[in-house]
Amino acid sequence: MNAEARSPQSSGTDEVPVDALGDLYRDGITACRGAFAVDWVQRVAEDIDVAFREARSRPDGAVGRGPERWYVEIHPEQLRGFVDLVTHPWVVAVCRAVLGPDYEIVELGFDIPFPGAALQPWHRDFPMPAETRQQRRLTSLAFNLTTVDTVEEMGPFEIAPGTQWDEGDDFDHAMFPPRDRYPRYEARAVRRYPRRGDISARSALTVHRGTPNVSTLARPVLVLGVDAPGAGNAAHHDMAVTHDYWEDLPASVRAHLTCPVVRTLTPIRQKHTIEGLVMGAA
């Protein structure tokens, strides 16, 4: 990655994990404002656009997450800013503080709610792991980076802080709370309005939903999934890198990438389907 493409790096990172750790264990979400330059985010937006067009041109290239809402998983080589993202001091510090020094990068993708995207049901992204239920330990994080300045009409992300600890014994598929629980989530609900350059980290267990996009613009969001060792989410993803790309990666990045190193990349057929979202509105 040449110097011109790199984003500015945050300072004072020794203090960041303390605040972020508190946010994540209390609310289930935290954020770093202005982590990246807007021109860097623009390149991310361009790469997402190229990847989405390619994914939609073939079977199983994109998976529906409700009406006019799509998710696409990509390989690191499809994102020019991948190294910048995973080496940003705030990202590294949060991963180490929450997941430990041997954290694993397991997912890279993006979610796009287009105009007409509907209100999603309240949900978490996967069932609660035993470690979280029994030890109150978070074993995975989802980092999100918007490529647009989010406004209300675009259907902002809505989250119910503190619900990462809801055990979910009566959740449908251990992910979707019953509708009689909705008033509790709606009373807690906070909508997020990130701007280009901001990055957030959240527990995928924190109950959340996408809201209706009534604008004329799409709202792409880059997703980086990171696990503690043994969390097992890599089994749901097919990220890979080529030998040449692997050799060019900094050693600090290779240490956290457990994906296959291959001669030629194969387009990813999406398999991380969340069936309860496919049918759409809550």
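Some values worked out for this structure:
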| read-out | value |
| --- | --- |
| Extension reserve of the R26-R254 stretch, reckoned as 0.36 nm per residue once the Cα distance is removed | 78.9 nm |
| Segment 102-244: radius of gyration and largest Cα-Cα distance (Dmax), Å | 15.8, 53 |
| Integer Hz, Karplus 6.51/-1.76/1.60 couplings in order for segment 23-30, x for Gly and Pro | 4, 5, 7, 8, 9, x, 7, 8 |
| Euclidean distance of C-alpha centroids, segment 110-152 and segment 154-186, integer Å | 11 Å |
| HN-Hα J in Hz across segment 163-170 - Karplus 6.51, -1.76, 1.60, θ = phi - 60°, x for Gly and Pro | 7, 5, 9, 5, 5, x, 4, 9 |
| For segment 172-186, 3J(HN,Hα) per residue [Karplus equation, 6.51 cos²θ - 1.76 cosθ + 1.60, θ = phi - 60°, Hz, x = Gly/Pro] | 5, 6, 6, 10, 10, x, x, 5, 6, 8, 4, x, 5, 5, 5 |
| 5 angstrom amide H check on E68, placed H, neighbours 5+ away | none |
| Under-5 Å amide H pairs with D149, H placed in peptide plane, nonlocal only | R196 |
| Length-normalised contact order for segment 11-278 - Cα pairs under 8 Å, 6+ apart - percent | 31 percent |
| Lys, Arg +1 and Asp, Glu -1 on Cβ, resulting dipole of the chain about Cα centre, debye, nearest 20 | 380 debye |
| DSSP-defined beta bridges in the chain - what % are antiparallel, rounded to 5 | 90 percent |
| Base-10 log of normalised Debye intensity for the chain (one unit scatterer per alpha-carbon) at q = 0.13, 0.14 Å⁻¹ | -0.87, -1.03 |
| Among S57, F171, Q135 - extreme Cα towards positive end, dipole of segment 11-278, charges at beta-carbon | F171 |
| Residues with amide H under 5 Å from that of G28, placed H, sequence gap 5 or more | G162 |
| Packing rank of 186-195, 30-39, where each peptide gets the mean count of other beta carbons within 10 Å, highest leading | 30-39, 186-195 |
| Square roots of five times the Cα gyration tensor eigenvalues for segment 22-108, Å | 27, 17, 14 |
| Value in Å of the Kirkwood radius, where segment 75-163 supplies the Cα pairs that are averaged | 15.9 Å |
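Where a number appears in this text, it was derived from the coordinates with a stated rule and is not lab data. None of these values were measured; they are calculated from a predicted model. Note: ideal-geometry Cβ built from the backbone for every residue, glycine included; neighbour counts use all protein chains shown.
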